[in-house]
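**Q** Structure provided below as structure tokens; questions to follow.
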Amino acid sequence: MSEALTPIPVPEMTELSRPFWDALRQGTLTFQRCRACGHAWLPARSECPSCLGNAWQREASTGNARLVSWVVYHQPYHPAFKQRLPYTVAAVQLDEGPRMISNIVGAEAAPLQIDQRLRLRIENEGEISVPRFTPV
Ligand SMILES: [Zn+2]
């Protein structure tokens, strides 16, 4: 494909989310882990979603994950995605625990399966880098 892709919308950056995006730009997917109960989560928030504790640390993911569920989009709900159809939106669980919404890429030839092993693939999208996953 020689035609340049329309850039996807840039997520709103907050003081809390910016380190996540900065780390991705450097090639690392990070998440937060509660210092009180050990729960790990995404996306960024100031309190632990499990115990509401506010003491946490950022950790780097290994990039290993499993497929929880997915849907294939055949309809563009934003102009930027028109050239990308069809594409896969998936719920992915990192081996460290956090679940996230992402895309599955590089799976065109093989059918997806629940619990399938996935590997992180960070892709540059204009001014941001986004975490996507590919089947192992
Ligand atoms: Zn907690």
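**Q** Quick check of the Kirkwood formula: for region 18-135, what is the inverse mean of 1/r over all pairs of different Cα atoms, in Å?
**A** Working: mean 1/r = 0.0659 Å⁻¹.
For region 18-135, the Kirkwood estimate is 15.2 Å.
**Q** Here's something else I'd like to know. With the chain treated as a Gaussian network of Cα nodes joined by springs under 10 Å, which of ALA91, ALA55, ALA44 yields the largest mean-square fluctuation?
**A** Maximum among the listed residues: ALA55.
**Q** Okay, moving on. Given springs between every Cα pair under 10 Å in a Gaussian network model of the chain, which of THR62, THR14, THR30 has the largest fluctuation?
**A** Maximum fluctuation in the GNM of the chain, among the listed residues, is at THR14.
**Q** State, as an integer percentage, the relative contact order of region 64-136 based on alpha-carbon contacts under 8 Å between residues 6 or more apart.
**A** 31 percent
**Q** Something else now. How high is the relative contact order of the chain? Use alpha-carbon pairs under 8 Å, at least six apart in sequence, and give a whole percent.
**A** Answer for the chain is 23 percent.
**Q** Among VAL10, GLN83, SER61, whose Cα lies farthest out toward the positive end of the dipole of the chain, if unit charges sit on the beta carbon of Lys, Arg (+1) and Asp, Glu (-1)?
**A** So the residue we want is SER61.
**Q** While we're here: Springs between alpha-carbon pairs under 10 angstrom, Gaussian network model over the chain: which of PRO76, PRO111, PRO49 fluctuates most?
**A** Among PRO76, PRO111, PRO49, the largest mean-square fluctuation in the Gaussian network model of the chain belongs to PRO111.
**Q** If you roll a 1.4 Å probe over region 18-135 with all protein chains in place, what percent of the accessible area is carbon or sulfur?
**A** Of the solvent-accessible surface of region 18-135, carbon and sulfur hold 50 percent.
**Q** Another question, then. Computed FRET efficiency, Cβ-Cβ of GLU15 and GLU123, R0 30 Å: what is it to the nearest 0.05?
**A** 0.75
**Q** Post the alpha-carbon centroid distance, region 90-136 to region 27-81, in whole angstrom.
**A** 12 Å
**Q** Over the chain, give the accessible area per residue in Å² for a 1.4 Å probe, as an integer.
**A** Details: 8110 Å² over 136 residues.
That works out to 60 Å² for each residue.
**Q** Got a sec to turn the phi values of region 36-43 into Karplus ³J(HN,Hα) couplings, 6.51 cos²θ - 1.76 cosθ + 1.60 with θ = phi - 60°, whole Hz, x for Gly and Pro?
**A** So the Karplus estimates, Gly and Pro as x, are 8, 10, x, 4, 10, 8, 8, x Hz.
**Q** Suppose every K and R has +1 on its Cβ and every D and E has -1 on its Cβ; what is the size of the dipole of the chain about the Cα centre, in Debye to the nearest 20?
**A** It works out to roughly 240 debye.
The values are calculated or read from the model by the stated rules, or taken from the named source; none is laboratory data. The model shown is predicted, which means the values in this text are computed figures rather than measured ones. Note that we place each Cβ from the backbone using ideal geometry, even for glycine, and neighbour counts take in every protein chain shown. In case anyone asks, the SASA skips ligands and DNA or RNA and just uses the protein heavy atoms, side chains included. Shrake-Rupley method; radii C 1.70, N 1.55, O 1.52, S 1.80 Å.
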